[in-house]
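**Q** Take this structure first; my questions come after.
The values are calculated or read from the model by the stated rules, or taken from the named source; none is laboratory data. Remember, predicted model here, so these are calculated numbers, not experimental data. Here the Cβ is made from the backbone with ideal geometry for all residues, glycine too, and neighbour counts use every protein chain on show.
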Amino acid sequence: MTVDMSTRYLGFELKSPVLPSASPLTGDIDHILALVEAGAPAIVLPSLFEEQIEHDAMAVHFGLELGADGFGEAPGGYLPSLDSYNTGPEDYLELMRRARAEAGVPVIASLNGVSSGGWTLYARVLEDNGVDALELNIYKVAADVEMSSADVELSYLHLVETVRDAVELPLAVKVGPYFSSMASMARRLGEAGADGLVLFNRFYQPDIDLETLGVAPNLRLSTSDELRLVLRWMAILHGRIEPDLAASTGVHEWDDAAKAILAGATVVMMASGLLKHGPHRLSEVQKGLESWLTDNDYASVAQARGSLSQSSVPDPSAFERSNYMKTLTSYAPSW
Ligand SMILES: Cc1cc2nc3c(=O)[nH]c(=O)nc-3n(C[C@H](O)[C@H](O)[C@H](O)COP(=O)(O)O)c2cc1C
């Protein structure tokens with residue numbers, strides 16, 4: 001019996017649920033084609049950053065209304081060098097156009113920002129140039145001691161509404177897990193216009209270099225252990241909110257993908273695993289997932305999806321609390 005691996009994400013009928021997420025690997029056409037060759041049913045391009053759009057003369061060319069929210073006290077001063085990643089809106093459009101012309105799968109562009117300023121109109125530029133869908137990555141470390149959690153949440157919702165108003169494209173929103181009420185935030189992001197939620201953004205933790213007495217940027221790739229936070233929220237949210245759920249962070253092996261789908265993921269996304277092993281890892285994960293589903297008598301990904309979620313649990317908080325107590329009280333030291 002063959003398993004039906006197809007999945008519907010953001011309105012696209014995908015032949016499998018394993019996608020490359022935004023990373024340098026999707027930032028050039030050769031790697032994009034290698035990923036498609038390995039079975040990627042869609043591609044998420046790396047992000048174009050708010051700061052890049054705001055700074056680029058192209059934005060002026062496109063007649064955007066610039067700098068509505070500006071950079072506060074640091075007009076461009078904290079902007080990292082983005083030269084070696086993607087080089088700005090013009091190159092981004094070119095990559096997107098080539099990917100659309102050559103890859104033969106839906107191409108999801110990614111915009112990355114925090115303010116609801118004029119840069120968001122760039123979503124429309126992408127739409128006008130034919131992109132299939134948009135992922136909006138809201139990467140914000142809420143460090144303003146005057147800003148309440150409610151204010152932070154409203155700023156997220158306002159940004160999603162602004163982008164939603166600008167385009168008719170399918171819209172996914174990628175956020176981190178650090179909300180006091182993740183479940184309610186997920187629902188409200190859907191109500192603000194998100195067709196899909198990418199859970200989660202991975203926040204990079206800087207380190208301190210004791211030699212230079214400076215802050216050391218520290219990008220460590222994820223491990224499968226980090227999947228657990230994603231599993232928890234997939235399982236809680238599945239069946240409770242409208243948007244599709246994309247699992248991002250910690251999918252390295254086929255069993256990670258299987259767990260995420262059992263918990264309720266519509267699709268799983270990979271970055272670190274592909275950066276470590278190369279595009280072929282995507283086909284290994286896909287094949288392993290298919291074999292496992294076959295061996296366990298699932299007819300389709302859809303049948304497996306959410307079968308270990310909490311959708312039938314009336315009170316997930318109480319369920320989580322009881323599991324928490326069980327875990328702590330059953331611990332036996334190994335010495
Ligand atoms: C080097 C690198 C670059 C990334 N660039 C982006 C980006 O441009 N936009 C984005 O939304 N996510 C970006 N990500 C985050 C990944 O898409 C993904 O959400 C995160 O790494 C967690 O997934 P993983 O455990 O499979 O790595 C990047 C990750 C890495 C490692």
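For (1) loosely packed, with under 15 Cβ neighbours inside 10 Å; (2) polar (S, T, N, Q); (3) modelled with pLDDT of 95 or more, each residue gets a yes or a no:
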{"position": "16", "(1), (2), (3)": "no, yes, yes"}
{"position": "26", "(1), (2), (3)": "no, yes, yes"}
{"position": "31", "(1), (2), (3)": "no, no, yes"}
{"position": "36", "(1), (2), (3)": "no, no, yes"}
{"position": "42", "(1), (2), (3)": "no, no, yes"}
{"position": "53", "(1), (2), (3)": "no, no, no"}
{"position": "64", "(1), (2), (3)": "no, no, no"}
{"position": "71", "(1), (2), (3)": "no, no, no"}
{"position": "80", "(1), (2), (3)": "yes, no, no"}
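**Q** Same structure again: When only residues in the range 266-300 that are more than 13 Å from the ligand (Cβ to nearest atom) and of a type in the set (A, V, I, L, M) count, which is surrounded by the fewest Cβ atoms within 10 Å (Cβ to Cβ)?
**A** Residues of the range 266-300 more than 13 Å from the ligand (Cβ to nearest atom): 266, 278-280, 283-284, 286-300.
Within this subset, residues satisfying the condition of being of a type in the set (A, V, I, L, M) are 289, 293, 299.
Values: 289: 26, 293: 23, 299: 13.
Here the residue is 299.
**Q** Would you confirm whether or not the range 274-288 contains a residue that is at pLDDT 95 or above, of a type in the set (Val, Ile, Thr), under 19 Å from the mean Cα position of the chain (by Cα) and within 25 Å of residue 4 (Cβ to Cβ)? Before you say what the answer is, go through the steps one by one.
**A** The first filter runs over the range 274-288 and keeps only residues at pLDDT 95 or above, leaving 274-288.
Those left that are additionally of a type in the set (Val, Ile, Thr): 285.
After this cut, where a residue has to be under 19 Å from the mean Cα position of the chain (by Cα) as well, the list is 285.
Among the residues that remain, those that are also within 25 Å of residue 4 (Cβ to Cβ) are: 285.
Yes, the conditions are met somewhere in the range 274-288.
**Q** Sticking with this one: Can you give me the number of residues within the range 19-55 that are within 16 Å of the ligand (Cβ to nearest atom) and more than 13 Å from the chain's Cα centre (by Cα)? Please lay out each step first, then the result.
**A** Residues of the range 19-55 that are within 16 Å of the ligand (Cβ to nearest atom), as a first pass: 19-28, 31-32, 35, 38, 40, 42-53.
Subset that is more than 13 Å from the chain's Cα centre (by Cα): 24-28, 31-32, 35, 38, 40, 42, 48-53.
Within the range 19-55, residues that are within 16 Å of the ligand (Cβ to nearest atom) and more than 13 Å from the chain's Cα centre (by Cα) number 17.
**Q** Can you report the number of residues in the range 187-211 which are assigned to a loop (DSSP other than H, G, I, E, B) and either away from the ligand (no atom under 16 Å from the Cβ) or closer than 19 Å to residue 223 by Cα (or both)?
**A** Keep residues of the range 187-211 that are assigned to a loop (DSSP other than H, G, I, E, B), which gives 192-195, 200-206, 210-211.
With either away from the ligand (no atom under 16 Å from the Cβ) or closer than 19 Å to residue 223 by Cα (or both) added as a condition, the list becomes 192-193, 195, 200-206, 210-211.
So the answer is 12.
**Q** Just for the range 248-259: of the residues that are small (Gly, Ala, Ser) and either more than 9 Å from the ligand (Cβ to nearest atom) or surrounded by fewer than 24 Cβ atoms within 10 Å (Cβ to Cβ) (or both), which one is farthest from residue 274 (Cα to Cα)? Walk me through it before giving the result.
**A** Just the residues of the range 248-259 that are small (Gly, Ala, Ser), to begin with: 248, 250, 257-258.
Still in the running and either more than 9 Å from the ligand (Cβ to nearest atom) or surrounded by fewer than 24 Cβ atoms within 10 Å (Cβ to Cβ) (or both): 257-258.
On the way: 257: 14, 258: 17 Å.
Within the range 248-259, the match that is farthest from residue 274 (Cα to Cα) is 258.
**Q** Checking residue 122 against (1) of a type in the set (Phe, Trp, Tyr); (2) more than 26 Å from residue 94 (Cβ to Cβ); (3) in a helix (DSSP H, G or I), which test does it fail?
**A** (2)
**Q** Which ones in the range 164-184 are of a type in the set (Val, Ile, Thr) and modelled with pLDDT under 95?
**A** The first filter runs over the range 164-184 and keeps only residues of a type in the set (Val, Ile, Thr), leaving 167, 173, 175.
Within the range 164-184, no residue meets the criteria.
**Q** Okay, moving on. Here are 194, 186, 123: which of them is surrounded by 22 or more Cβ atoms within 10 Å (Cβ to Cβ) and over 29 Å from residue 236 (Cα atoms)?
**A** On the way: 194 fails: over 29 Å from residue 236 (Cα atoms); 186 fails: over 29 Å from residue 236 (Cα atoms).
Step by step, each of 194, 186, 123 is checked, and only 123 is surrounded by 22 or more Cβ atoms within 10 Å (Cβ to Cβ) and over 29 Å from residue 236 (Cα atoms).
**Q** I'm trying to understand the selection: among the residues of the range 304-323, which are surrounded by 14 or more Cβ atoms within 10 Å (Cβ to Cβ) and either assigned to a helix (DSSP H, G or I) or free of Cβ contacts under 8 Å to residues at least 12 places away in the same chain (or both)? Steps first, answer last, please.
**A** Taking the range 304-323 and keeping what is surrounded by 14 or more Cβ atoms within 10 Å (Cβ to Cβ), we get 304-306, 308-311, 316, 319-320.
Listed by number, the residues that qualify are 304, 316, 319, 320.
**Q** For residue 231, which of the numbered conditions (1) more than 11 Å from the ligand (Cβ to nearest atom); (2) at pLDDT below 95 fails to hold?
**A** (2)
**Q** Hey, any hits in the range 220-228 for a residue that's within 9 Å of the ligand (Cβ to nearest atom), modelled with pLDDT of 95 or more, polar (S, T, N, Q) and touching a Lys or Arg at 6+ places or on another chain (Cβ under 6 Å)?
**A** No: zero hits.
**Q** Same structure, new question: How many residues are closer than 15 Å to residue 119 by Cα and within 16 Å of the ligand (Cβ to nearest atom) if we restrict to the range 161-184?
**A** Within the range 161-184, the first condition is being closer than 15 Å to residue 119 by Cα, and the residues that meet it are 161-167.
The next check asks that each one be within 16 Å of the ligand (Cβ to nearest atom); those that pass are 163.
Selection size over the range 161-184: 1.
**Q** Where residues in the range 134-160 are among the acidic types (Asp, Glu) and in a helix (DSSP H, G or I), which of them is farthest from the ligand (Cβ to nearest atom)?
**A** First, the residues of the range 134-160 that are among the acidic types (Asp, Glu): 135, 144, 146, 151, 153.
Subsequent filtering for residues that are in a helix (DSSP H, G or I) retains 151, 153.
On the way: 151: 23, 153: 20 Å.
Ranking the candidates gives 151 first.
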